[in-house]
Amino acid sequence: MTRIDQLSAIEILDSRGRPTVKASIKFKSGARASASVPSGASTGAAEAIELRDGDSNRYGGLGCRKAVANVNGEIARRLIFCEIPDQSSLDHILIELDGTPNKSRLGANAILAVSIAFARAKAIEDGAELHEHFSTMIGERAYIPSTASPASATSSIHPSSFILHSSPPPAPTLPRLTINLFSGGRHAGGQVEFQDLLLVPLSATIDEGLAVVDNVYRSAEKLIARKYNMRSLKADEGGLAPPFPSVQRMMEDAAEALGEAGYVLGREVALAVDVASSQFYRDGLYHWGSPAKTSAEMIDGIVELAGRFHIVSVEDALAEEDWANWPALRAKLKAINVLTLGDDFLCTNPGRIQRAIDAQAADALLLKVNQIGTLTQAAQACRLAKSAGWRVTVSARSGETEDDWLADLAVGWSADQIKVGSVRQSERLAKYNRLLEIEKETRWGVVGWPGIGIGQ
Ligand code: PGA
Ligand code: ZN
């Protein structure tokens, strides 16, 4: 049992200079910790709701004073001097207190900040590293949703819905890096349709992987100066964002930069893309190139790109509501050993994930804790995806803070990949630096990727 003696929050600013929530907690034992939450820009329709003030005179309406007041008021009143057995109990108190299907009353930003601060203080109280603590959490209890309804998972989860999970603890490995080289879409003013072109270093360590990515990044900066006659501008996640005339050209530029850095595509580095296609899906068509594409044409275009450029993972190739076409996408990508990764499509939402498992509509989950709003529900999403044999990418958001808990989460939950953004901004580097620290301490290797010939 853990007794919470103090709980408070403040409004801080994220990497885009927008307000977000930082919560601080103190236990009776004296253990204390803080945690800050991130915020997305290309958000899924099924995401839990960040509570924003809506006062246009302050931060364009994006202030978080209401969310902060909810932590300092209603949430603190409910939790202070309460004996809390574990994380899932805490999270269920928060879910019930909020009482909405999508955390819109108290705010997912308020709730998640408390959820993570609690986990961090608990790790401190137990004398454990945060990733060790996270790994015990994933082995606790799993929620298996009884319906596959996309809206059901953020609705209130009754403790009786929980079953004990009995599989062995996750293998001690580190996640494989997937790092933005080029950015487009919402994160870069829409100069090119796709949102992220990522490098996937095939290195055995985080340390080597980061150095490989830095080499390619520097060679891409030179390429941009030469081809686009400009200083390299960076997008929200630190990816380079010159005015690529097309997605094809962006891919070709990546391959060229890689070659100029002395690497062979598919040997030291592979590529991944986040298409974030919901952002350019309108009236049943994908506005990628001209004329706009049907779902079938979109799938063919993606498969062609994947084959040409050693792409090993494609995120949100189809729109979040285009359910009917995801199974065909997955079948075609699977045939060429490419992961069908769902971000906005799945929204870290166990109901949507179960539906996608049943429909064979994806085989990899992009896990963003703030899409669902508590650690317990995110752990359920992770467990559900893994139990279906999917791979899991733990992901940051485009608006991040200097907090580094995400690195511990990716390690503790044995994520296959981590996606944090580029290697040039402190809010991203905080996570990479934490991974380096964990790597030094544990000496664990980076997880294999049998589908692309790395490890078992
Ligand atoms: P977001 O983007 O944080 O703006 O949603 C990240 C992603 O789409 O992967
Ligand atoms: Zn995405």
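The values are calculated or read from the model by the stated rules, or taken from the named source; none is laboratory data. A quick note: this is a predicted structure, and the numbers were derived from the prediction, not measured. All Cβ positions, glycine included, derive from the backbone under ideal geometry; neighbour counts span all protein chains shown. Remember, those area values only see protein heavy atoms, side chains included, never the ligands or the DNA or RNA. Shrake-Rupley method; radii C 1.70, N 1.55, O 1.52, S 1.80 Å.
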Margin query: How high is the relative contact order of the chain? Use alpha-carbon pairs under 8 Å, at least six apart in sequence, and give a whole percent.
Written below: 19 percent
Margin query: What does the net charge come to around Leu318 if you take all other residues with beta carbon closer than 11 Å to its beta carbon, with K and R at +1 and D and E at -1?
Written below: -4
Margin query: I need the phi-derived Karplus couplings for the stretch 52-65: 6.51 cos²θ - 1.76 cosθ + 1.60, θ = phi - 60°, integer Hz, Gly and Pro marked x.
Written below: 10, 6, x, 8, 5, 7, 10, 6, x, x, 8, x, 10, 5
Notebook entry, point to check: Let a ≥ b ≥ c be the square roots of the eigenvalues of the Cα gyration tensor of the stretch 161-295; is it rounded (a/c under 1.5), or, if not, prolate (a/b larger than b/c) or oblate?
Noted result: oblate
Margin query: How many angstrom lie between the Cα centre of the stretch 78-115 and the Cα centre of the stretch 190-252?
Written below: 39 Å
Checklist line | Acute angle (nearest 10 degrees) that the helix 87-98 long axis makes with the longest principal axis of the chain, alpha-carbon atoms | finding: 90 degrees
Margin query: For the stretch 20-94, compute the orientation-averaged projected area of the C-alpha convex hull (one quarter of its surface), in nm².
Written below: 6.3 nm²
Margin query: Output wanted: per-residue J couplings in Hz (rounded whole) for the stretch 99-106, from phi through Karplus 6.51 cos²θ - 1.76 cosθ + 1.60, θ = phi - 60°, x for Gly and Pro.
Written below: x, 10, x, 10, 6, 6, 7, 7
Notebook entry, point to check: On the accessible surface of the chain, probed at 1.4 Å, how many percent belong to carbon and sulfur atoms?
Noted result: 50 percent
Checklist line | Nonlocal amide H pairs with Thr2, under 5 Å, H built at 1.01 Å | finding: Ile84
Margin query: Using each residue's phi in the stretch 274-284, evaluate 6.51 cos²θ - 1.76 cosθ + 1.60 at θ = phi - 60° and report the 3J(HN,Hα) Karplus result to the nearest Hz, with x for Gly and Pro.
Written below: 10, 6, 6, 6, 4, 6, 10, 9, 9, 6, x
Note to self: Please report the net charge: other residues with Cβ closer than 10 Å to the Cβ of Asp55, K and R +1, D and E -1.
What the structure shows: +3
Margin query: Need the C-alpha centroid separation for the stretch 2-69 versus the stretch 272-330, integer Å.
Written below: 34 Å
Next item on the list: Would you please classify the overall shape of the stretch 204-358 from the alpha carbon gyration tensor, given that a ≥ b ≥ c denote the square roots of the eigenvalues, rounded means a/c under 1.5, and beyond that prolate means a/b larger than b/c while oblate covers the rest?
Entry: prolate
Next item on the list: Measure up Lys234/Lys431; Lys26/Lys66; Lys234/Lys334; Lys28/Lys386; Lys293/Lys332; Lys234/Lys419 against 25 Å on the Cα-Cα distance and list the ones that go over.
Entry: Lys234/Lys334; Lys28/Lys386
Notebook entry, point to check: Plugging the Kirkwood radius over Cα pairs into Stokes-Einstein for the stretch 308-450, at a temperature of 10 °C and a viscosity of 1.306 mPa s, what D comes out in µm²/s?
Noted result: 101 µm²/s
Notebook entry, point to check: Considering every Cα-Cα pair within the stretch 330-402, what fraction, in whole percent, is farther apart than 13 Å?
Noted result: 61 percent
Next item on the list: Express the relative contact order of the stretch 212-355 as a whole percentage, based on alpha carbon pairs under 8 Å and six or more residues apart in sequence.
Entry: 18 percent
Item checked: Over the chain: helical MRE at 222 nm, DSSP H runs n ≥ 4 each giving -39500 (n - 2.57), nearest 500 -> -11000 deg cm²/dmol
Next item on the list: Net charge near Leu202: determine it from the other residues with C-beta under 9 Å of the C-beta of Leu202, scoring Lys and Arg +1 and Asp and Glu -1.
Entry: +1
Note to self: Distances longer than 17 Å among the Cα atoms of the stretch 252-311: what percent of all pairs is that?
What the structure shows: 48 percent
Check: Dividing the alpha-carbon Rg of the chain by 2.2 N^0.38 Å yields what?
Finding: 0.93
Checklist line | Cβ crowding within 10 Å averaged over residues, with 113-125, 321-333 ranked highest first | finding: 113-125, 321-333
Notebook entry, point to check: Using a simple charge model, +1 on the beta-carbon of Lys and Arg, -1 on the beta-carbon of Asp and Glu, nothing else, what dipole does the chain show about its Cα centre, in debye to the nearest 20?
Noted result: 400 debye
